[in-house]
Structures are given as structure tokens and as C-alpha cells.
Amino acid sequence: MESRYNAAEIEPKWQQQWQESGIDKTPERNNQPKFYALSMFPYPSGNLHMGHVRNYVITDVIARLKRMQGYRVLHPMGWDAFGLPAENAAIDRGVPPAKWTYQNIAQMREQLKQLGLSLDWEREVATCSPDYYKWTQWLFLQFLDAGLAYQKEAAVNWDPIDQTVLANEQVDSEGRSWRSGAIVERKLLKQWFFKITDYAEKLLEDLDQLEGWPERVKTMQANWIGKSVGAYLEFPVVGFDEKIAVFTTRPDTVYGVTYVVLAPEHPLTPKVTTPERQEAVSAFIEEIQGESEIERTAEDKPKRGILTGGKAINPFNGEEVPILIADYVLYEYGTGAVMGVPAHDTRDFKFATEKGLPIKTVIIPPDGDANAPLSEAYTEPGTIVNSEQFDGTLSVEGKTKIIEYAEQQGYGKARVQYRLRDWLISRQRYWGCPIPVIYCDDCGTVPVPDTDLPVELPESVELSGRGGSPLAQLDSWINVDCPCCGKAAKRETDTMDTFIDSSWYYLRYSDANNSEIVFDRDKVNDWMPVDQYVGGIEHAILHLLYSRFFTKVLRDRGLLNFDEPFKRLLTQGMVQGLTYMNPNKSGKDKWVPSSIVDPSNPVDPDTGEALELLYATMSKSKGNGVAPEDVITQYGVDTARMFVLFKAPPEKDLEWDEADVEGQFRFLNRVWTMVTSFDRAKITKSSQELSKAEKDLRRAIHTAIKEITEDLTGDYQFNTAVSELMKLSNALKDAKCETSSVYQEGIETCLLLLAPFAPHIAEELWHRLGNTESVHKQQWREVDESALVVDEITLVVQIMGKTRGTIQVPAGSDKAALEKYATESDIAQKYIQGKEIKKVIVVPNKLVNFVVAK
Ligand SMILES: [Zn+2]
């Protein structure tokens, strides 16, 4: 047997054996508690990067630990496989999206297998496979049946040259199409929506249950849902019967309204615009038509608005106020109109000042002056003024009183509003899950019957990136008989947002190969919820919110008996690489790939200019990536795993550092040498009474078990757990009892504790110790509390305050005993040498200081 640590030999060997023995298969249901460990599944781009490695290794350590701790573990993997890149590859290279995707999956699966992840590949899912999307379609029909899927007109990004709909990511920062370069227009299309707003309150409320989620993620979700409590008020339009409805969270300021703003798209806009303002208003609407919502509402952009000439009446005081339209008011949000209160709203103050609109104070701080001009908006609570019968009321109480008054008068009421809007799920794309509905002239919108599912994506579709939805061009596919009346009808040609595919995949893993039903209820209720979910913070809002929404809807449909999918969430940090930047260049050109830089003399090879060094998230464009396969070739995957776990706490960003990778490689080599040079034959049974060396080693062993178990419970502090492993290996190296059974206990414990982190080397060395069963099937070690008890302490001996040495004394000795041990010690004998002891100072458990005559 080779005696050198050779990762390249042992890693593939054990991966092969584990696969053959089926060790990572999900156990059948039994008496053991369950644990569901899940990484967010990847998009099959074709290449595994360090960010993936970090994510999956974290989950793998947890899965391996839980198995050793006696849980039956579900640890699956799959592919979020629909989406735009496959379609682009087809357009650019003529490869069919399915072929491109499955090739990438095959490649990434092989890369993943090299990481030694304890995954159950028999439960692999790919969202682009008809076996899977059949059930995505079935679930869509459940939403439709529940009244949670509906159609309405909504704006899309329209490329007028290519005559096609663009995704947001296909529109550049200047609002141009990525392909044709045309200025993108907004166009209204009838599209499908999911009514997530029906669940806004539940989604918000239940965040409180999620104790195992980072606060940051919960806050982001709460802000996205954006609940505000306030009032719905109606302002009559002068000269017409219509009223302008507004929502406000500050009804206490309603007497300070000096104007009303409509969204330019508001149906009342043309009506309230006076003939003399017609031309200016039309020009303004045209100007902002092409702008995205993000551009229109950006905080840092000046707000643009224009008078319509129309007037509205403040129903509270009968005052006539001008009606404007402005870019920052969106028709899709709220009522599509807002009231302007410049004295008490920062944005309104700025807008009114720029437009020369009046500013009227209606709330003042204590000692404030109701008539003094303001230099900025006063947004704090205070006392109501200039508000008729409400004068003198505190603004906090005024809110309720003013709403009550509006309700009595019939022009307003209390209302809760959410920022969350319904989920637009239609995509005018090919590589997605077809929406399973048929349009019939007589029967209307007809769901495809369950027995006809899946509606399969046709394979022979020409993808050019031009023209309408690719499926719309396939007459043979579109034309079908109506499932209700049998007359000629047409299929829906849009596909679903890929976020739908990923909103339920974690449920499918519980019964991944079921061809009869979406999942067996007993199985899904047994495995769910996911006990530990691990993934990137970029999914903090949409994916996690949609998954929670799906779970709640399916619970309400009786398909599940729980309503939160993920019990604990860990959002791992990014992997950053050493990055070279030329400060004299701008844009993408400023990044100089590390592959062309000499680290001992970092200059730009083009210009000779000195480069700046920094750490930045690994990416192709910065040329600062480290390929997982290179690290595996050089050091082995166990070293790579140890490094990503050791270098930073899991939720923090990690800076790639070659020296630290080397450090972990050396550590594994030390463990290798220590274990391979251990000789079991030399072990003699310890006598009943352990020697001091044995006691010290046992304490080190059980301290390691205790600390590592604690580090891996709750917050998963892998970095400190690896440090503890290193401490244990040092204790074994220094132990002066290599022939003791305690030493054997130490060697074995070290491998058991190492197993979740570096599974291959732990397995190899475990077998070299003479074991025949896998290290991964062993029980996690329990702490022997008695081994932790310290029975001796180190006592410092000082003469005249100066430390002269230390002695070992029994723990728990009293002051008199400590003084006696110290006085009798060689140190005291040597330094006192017959001088008169004037005083002895004893600090229990720490030191004894002798004050002697000079
Ligand atoms: Zn019909």
C-alpha cells in the first residue's frame, strides 16, 4: 500500500465504491428522525464554479453529520433547467435548447460527482423534462381551479425592429434591445398572473414563525410585501362626476393637500386635461412611455411632472387643488393617484418647490409656528393645525379621527395596502413550461384535461430571436380541438416564468419518480419541511417568497399538511478572488485577468501601468476565477472542501487564498502520516488509573467532540470546527502515550470528526485502521463529561511579584494547601534560599506570590 497521501488515487476510488454500495441512497421510512438537507438547485450553465462548490459542500457536511447523528437524511440534487440562456445558445449556435441543456447537465453532474457529495442521484429532477413539467402544468391548473390564476393586460418590453418581446435582462441600461439595438417600447399584451396578493398578509405574518431564517432575509421579504396601513380617500374632479381615489398612510395631513397627481396612464388623465394643456400633456406622456418602472421611480432621479389644467376638490375643506401627472406615480401600483402634501413629505416638498406649488403646514412640532415658512418637509409626528375641527389634536390620534370622519362623510375609509403585486407568469419564450390552456371561441379559456398532460414542447421550432412567441409560429402545434366542444381551438403560446418551476421542486424530491401523481401525500408530509436550506442571498426575495406562496396554496388545496417549506435557511457568502484592476481604465477594460499578470510585478501587460489589487466576487469578466477542477487536480477535493469550510464563517464572503489552501493540504497530510504510522498491535490496555498524559489526551479528545458538535449545531460554524480538529491533531502529535488505548480512541475520534468535512481521506484512513464498514456509517461520538473534568491546575509561583515558574497542583486546593505546595516547590526553594518570608499572597486557582526580606 502506498504510504504517501495521494488524493488523486483515493478520491475516485471511494466515489466509485460509495456509488456501487448505494451508501448515499435515501433510507426507507423507519423509526429514525428525518432530516432534509437541501442546496438550491443550479441552472445548468455547463460549468461548475467555486460559488457552487461552497454551497454544496456546506449542505453536504450537514447531511453527513446528521446521518452519523442517527437521522435518516434526504439530500437530493436537480436542475433548474428552463430559461433564456439555452434559447440564446440556440439562436447563436444553432444547437437545439434541449440538446444544449442536457449536455450541460451531463457535464455538471460529472463535475458535481467529483466533489464527493453524498447526494441521492436516484431522485434527480430536471425542470425541463416532461416527467417534471407535466406536474408543473398540473399545479398551474390547481391555481386556475382555485381562482388564483387569471389573465389581464400588462406591459411588456417590445423590440420594434425584431418584433419580439424582450425579457428585462435583454434591455440594456439605455433602454435598447441587446440584439437589434432598437429603443425598446412598452406594449400591452394579455398575460397570465398568479394572485399572490391574496396571500400577502399570510406571507408577512408567517415570517415570525421562521426562527431559523436570517433576520436580513425576513426584513427583505417584509419590505417586498410592503404593508402600509392608512386611508383610501376620494377627491371629486371639478366639472365631472368622477372622483380621484388615493391611498395615503398620512390621513392626518389631508388638510395640507395642495395638489393631486395622477399616473400618466390613469384613465382620468385625458378627461381632466384641459384643451390648452393637451399638447404639453401628450408630449410628456410620449416622453416617459418608453421608461421602465425602475427608471421612473429611482430615488436619485429628479421627479418630472406637468399640470393638466384640471382641478380636484379636497373633500375635507372644499379647496380646489390642481391635478398633475408625474412619472413617479405608477398606474399599476395602488390607485394610480396620490395626494400631494409638500409640507410633510420629503419627495412632495422637493417636487412642489421645483414646480412652484403651494406648501401648507398642518402639523407642527411642540413650540412650532403654524405660519412660519418651511425650509424642508416636517415628517415627524406633532400637533395638527390649520385643519378646522382637528386643530390641536396630536397627529398620531388624528389619523384615526380623520379616517372616522371621512367614513361618516362618505368620502373615505380605513385601508391596508401592500406593495406586493400579482405575479406575472407569462413569458413569450420557447424554452419554458407551456401553459396548459386552450382558447375556444365558444367555450372561452379551457384548461387542458389532466389526462392530456403534459402539453409537450414541440422539438422542431426555429429560433431566430425575431418575430413573436416562437410557439406561435407552429401551426401544427397551436391548432387543437377544444376539449369541451370539440370545435377547432388554439393553444396558449406563452410559457411559464421559470420561477414557477423552482417554486415546488423541493416537494417533488420527496417522491421524485412518481409518474401517477405529483407526489405521494404521506411521503411529502414525512420529508417536508426542508430542515436546512442552503443557497445564495440573491434568492432572498423572489424564489423564497414564491416557494412560500406555493406551499401555502397547496396546503389550502389539501395537498400538504404544512405551510412553510423551509425551516432553516443559510445564505452562504460569495467566493472572492484576488483581482487586478488598472485604475486608469474604465468599464470592463479596467479588469486585468490574473492569468496574464505576473504576481511579483503586477503591471498591465498592455500599458505597463501599475495595477491595484483587491478581492472581488469571482467572475469571467474580471478574470479572477479559480476553476474547481484545477484545485482538485492539484490538491484533491478534500483539501478544497476543508479550505472553503475553514476560511470564513459560511454566511460571510470568502477570499480565495492559495496559501490557506496549502495550509489545509498540509493539515490533511499530517493526519495521513499520524494515522498511517499508528500501529494498533502496539496498543496495550490502559490500567484502571489513567496516567496524566492519558488524562490530558482524553480531555483533548472530548473537548474536540464537544466543541465540534456545538459548532455544527445551530449556526454551523464550520471554520471554528476545523480549528478544533487541528487542535485535536496537535494534541495527538504531542501525546506521550502512543501505546495507550486512549491514543487509539484519539486516532479514531479524529477520523470520525473529520469524516463530514473530508470524506475521502477519512474513509481511506478508517479502512487502513482495519475497519471494514464505512466511516460514514459510524455513530457520531458522544462527549464523556467526566473526561472534561480538570483534576490538576497550573499554579504560578512568584517571588516579589516576579514569575519564577509554574507547578501542577490538585484542582480545588484551598489557600492553605496552595501556599504549602508553593513553599515546598523547587522554585521557591531555589529563589528564597533561606531568606525570611514576610508575606504570602495567594490568588486561588492562579498564583502564589512570596514577599521576602531583602
Ligand atoms: Zn369549445
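The values are calculated or read from the model by the stated rules, or taken from the named source; none is laboratory data. Treat the numbers as computed from the prediction; the structure is a model and nothing was measured. Note that each Cβ is placed from the backbone with ideal geometry, even for glycine, and that neighbours are counted across all protein chains shown. When the accessible area is computed, the model is the full protein with side chains, heavy atoms only, and any ligands, DNA or RNA have been set aside. Shrake-Rupley method; radii C 1.70, N 1.55, O 1.52, S 1.80 Å.
So here's what we get for this one:
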quantity: Quotient of C-alpha Rg and 2.2 N^0.38 Å, computed over the chain; calculated: 1.23
quantity: Between 0 and 90°, nearest 10: helix 7-21 axis offset from the chain longest Cα axis; calculated: 70
quantity: Euclidean distance of C-alpha centroids, the range 1-62 and the range 780-811, integer Å; calculated: 42
quantity: Between the range 194-242 and the range 78-151, the alpha-carbon center distance in angstrom; calculated: 32
quantity: Cα gyration tensor shape of the range 147-256, rounded if a/c is under 1.5, else prolate or oblate by comparing a/b with b/c; calculated: oblate
quantity: log10 of Debye I(q)/I(0), alpha-carbon scatterers only, for the range 633-685 at 0.13, 0.19, 0.31 Å⁻¹; calculated: -0.43, -0.68, -1.19
quantity: Accessible area expressed per residue, the range 608-765, with surrounding protein chains retained (probe 1.4 Å, Å²); calculated: 41
quantity: Nearest-ten-degree value, helix 741-754 long axis tilted from longest Cα axis of the chain; calculated: 20
quantity: Principal semi-axes in Å for the range 516-671 [√(5λ), Cα gyration tensor, largest first]; calculated: 43, 22, 12
quantity: Kirkwood Rh in Å, taken over the range 479-604 so that all alpha-carbon pairs contribute; calculated: 19.3
quantity: Rounded FRET efficiency, nearest 0.05, which uses the C-beta distance separating residue 121 from residue 183 and R0 of 56 Å; calculated: 0.70
quantity: Net +/- balance of residues flanking residue 677 in space, Cβ distance below 12 Å, scoring K and R +1, D and E -1; calculated: +3
quantity: Label-point gap, in nm, between residue 95 and residue 167 - each point 7 angstrom along Cα→Cβ; calculated: 1.7
quantity: Equivalent ellipsoid semi-axes - Cα gyration tensor, the range 266-354, angstrom; calculated: 20, 18, 12
quantity: Whole-percent carbon and sulfur share, accessible surface of the range 546-632, 1.4 Å; calculated: 49
quantity: Subset of 190/301; 301/620; 195/218; 134/487; 187/355 violating a 29 Å alpha-carbon distance limit; calculated: 190/301; 301/620; 187/355
quantity: Relative intensity, log₁₀ I(q)/I(0), of the range 695-854 from a Debye sum that treats every alpha carbon as a point, q = 0.13 Å⁻¹; calculated: -0.73
quantity: Reciprocal mean inverse distance between Cα atoms of the range 674-784 - Kirkwood radius, Å; calculated: 14.3
quantity: Tail beyond 24 Å, pair distance distribution of the range 221-321 (Cα, percent); calculated: 34
quantity: Those lysines that a straight Cα-Cα span of less than 16 Å connects to residue 838, excepting residues fewer than 8 apart in one chain; calculated: 802, 820, 854
quantity: Residues of the range 787-854: accessible area per residue with a 1.4 Å probe, Å²; calculated: 62
quantity: Rounded D (µm²/s) - the range 688-751, Kirkwood Rh over Cα pairs, Stokes-Einstein at 25 °C, 0.890 mPa s; calculated: 205
quantity: Surface per residue (accessible, 1.4 Å probe) for the range 90-248, Å²; calculated: 46
quantity: From phi via Karplus (6.51, -1.76, 1.60), per-residue ³J(HN,Hα) for the range 234-244 in Hz, x at Gly/Pro; calculated: 10, 10, x, 8, 5, x, 10, 7, 5, 10, 9
quantity: Proximal charge balance of residue 258 [Cβ under 13 Å; K/R count +1, D/E count -1]; calculated: -1
quantity: 0 to 90° range, to nearest 10: angle between helix 759-768 axis and the chain longest Cα axis; calculated: 20
quantity: In Å², nearest 10: area of residue 208 left accessible to a 1.4 Å probe; calculated: 130
quantity: Separation between Cα centres of the range 505-558 and the range 584-619, rounded to whole Å; calculated: 44
quantity: Separation of the residue 854 and residue 835 label points, Cα + 7 Å toward Cβ, nm; calculated: 1.0
quantity: Accessible area of the range 104-195 belonging to carbon and sulfur atoms, whole % at 1.4 Å probe; calculated: 45
quantity: Within the accessible area of the range 299-416 (1.4 Å probe), percent carbon and sulfur; calculated: 51
quantity: P(r) weight above 25 Å for the range 365-504, C-alpha pairs, percent; calculated: 57
quantity: Sequence-distant lysines (8 or more away, or on other chains) whose Cα lies within less than 28 Å of residue 736; calculated: 682, 685, 692, 695, 706, 727, 846
quantity: Environment charge of residue 513, counting only residues whose C-beta is closer than 14 Å and scoring Lys/Arg +1, Asp/Glu -1; calculated: -2
quantity: Binned Cα-Cα distance frequencies in the range 148-206 - 5 Å width, integer %; calculated: 4, 18, 20, 13, 12, 12, 11, 7, 3, 0
